[in-house]
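Down below is the structure, laid out as structure tokens.
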Amino acid sequence: MNSKDLPASSSEQPSATFPGFAPSPGRAAYYDEQRQAWQVFRYYEVQRVLSDYTVFTSNRDRLDSDANNVASSANMINLDPPRHNQLRALVAQAFTPKAVAELGPAITNLAHQLLDAVIDQGEMDAVKDFAGPLPLLVINRLLGVPKEDQPQVRQWCMAYAQMNTPAARQARSDLEDYFTTLQELRRKDPQDDLVSALLTAQIDGQYLTEPEIAGSCLLLIIAGNETTKNLIGNALLCFDEYPDAMEQIYAQPTLLPSAIEEVLRYLPPTPSFPRIARMDTTIEGQAVKAGQWVTPWMMSANRDPEVFSDPNRFDIQRNPNRHISFGAGVHFCLGAPLARLEARIGLSTIFERLADIQRVRTVPLEPFRHPMIYGVHHLPLTFRKR
């Protein structure tokens, strides 16, 4: 991530391990003339911007040119209530505690298969070989993407992750076309998957439109993949930077869930998510005009000293840990339980089977260069079998 994409700090600099990261400045918010947007940093102000949809809208057609793409603007992340809540309630059927828990054995099996492919080499690219494939295989299973299509879907997802590039825009279009085609197949041959379920779902007696279903699939295939991929990758970055924490987990594996929460706080996979002001309002006494962009920085909110003691310390036993990395309010991440489960199973499988995990420091880290993604493209590691 490019440091110009993140709020600068006069007192602390990005580290070699976490390129582009800088904690928030001392102020709660300021208007950035270059970006033409309010930048919001402190915990309670960030929480308000994320949760108060009556003042700060998520409506995509107010945010950017993606509104020209019907499926992109039709998914729930770009909608406010009531339509957001209606779509979310339908998709949420795939993310109930029972449904998520039932995925545990399949996730475990996939994690072992991915390690089986690299364990004899004594090295792997943790992103390419493990953190990337694992959540994508799981979300493909949920959506019902046929095995023969999954390599192509993965290529599109990797291209889309580059965000605002011609290749990313083409990949998004290709994914939306694909999920429109998949709907046609599932109408003729329903399966036990989310696409088939959405085709039969109704809101107030009305079936979902093709763009709404395609948009929901697009959201899940990207958010359900990218966020968890970077959560696992960022965890391994943190454990490499703080080897004492990794040793604690080896000695006491029950610390892993708490460690994952601290990774989410310390290096959130989604550092910010934009809104736009519906109406004139104020943030910490500063006048925000209707129509202005407002960028709440979860990454900075998670380091607010008014909420977190010693906030720049990585502490895998931190309690309480009220991080805001999955958002807040009606837009709280629907897939958070699945992301936590995938990270817990994936990392526990790594710790069960690998020892002496070391990052290859001769290979520079290549961060994502987008303010809504925090992670690295590659993470080469060496290890030995346990």
Cubic angstrom per residue, convex hull over Cα atoms of the chain: 139 Å³
Using Cα pairs closer than 8 Å and at least 6 residues apart in sequence, work out the relative contact order for the range 340-386, in percent. 44 percent
Residues of type aspartates and glutamates that Lys229 reaches as a straight line, Cα spacing below 12 Å, ignoring anything fewer than 8 places off in the same chain: Asp129, Glu342
About its Cα centre, the range 299-386 carries a charge dipole, from +1 on Lys and Arg Cβ atoms and -1 on Asp and Glu Cβ atoms, whose size in debye to the nearest 20 is 380 debye
Selection of GluC sites (Glu not before Pro), the range 286-380, meeting DSSP coil and at most 11 other Cβ within 10 Å: Glu306
Could you work out [θ]222 nm for the chain from helices alone, using -39500 (n - 2.57) per DSSP H run of at least four and dividing by all its residues? Round to the nearest 500 deg cm²/dmol. -13500 deg cm²/dmol
Positive end of the dipole of the range 120-168, charges at C-beta (+1 Lys, Arg; -1 Asp, Glu), about the Cα centre: which of Gly144, Gly122, Ala167 has its Cα farthest in that direction? Gly144
Among Met279, Met372, Met246: highest mean-square fluctuation, GNM of the chain, C-alpha pairs under 10 Å: Met279
In what sequence, highest mean first, do 312-319, 248-255 appear when ranked by Cβ atoms within 10 angstrom? 312-319, 248-255
Inter-part gap, Cα centre of the range 199-266 to Cα centre of the range 135-181, in whole angstrom, is 17 Å
For Val288, which sequence-distant residues (separation of 5 or more, or a different chain) have an amide H within less than 5 Å of its own amide H, given hydrogens modelled in the peptide plane? Thr281, Thr282, Ile283
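No value in this document is a laboratory result; all are computed from the given coordinates. Just so it is clear, the structure is predicted and the values come from calculations on it, not from any experiment. FYI the Cβ positions are ideal-geometry reconstructions off the backbone, even for glycines, and counts take in every protein chain you see.
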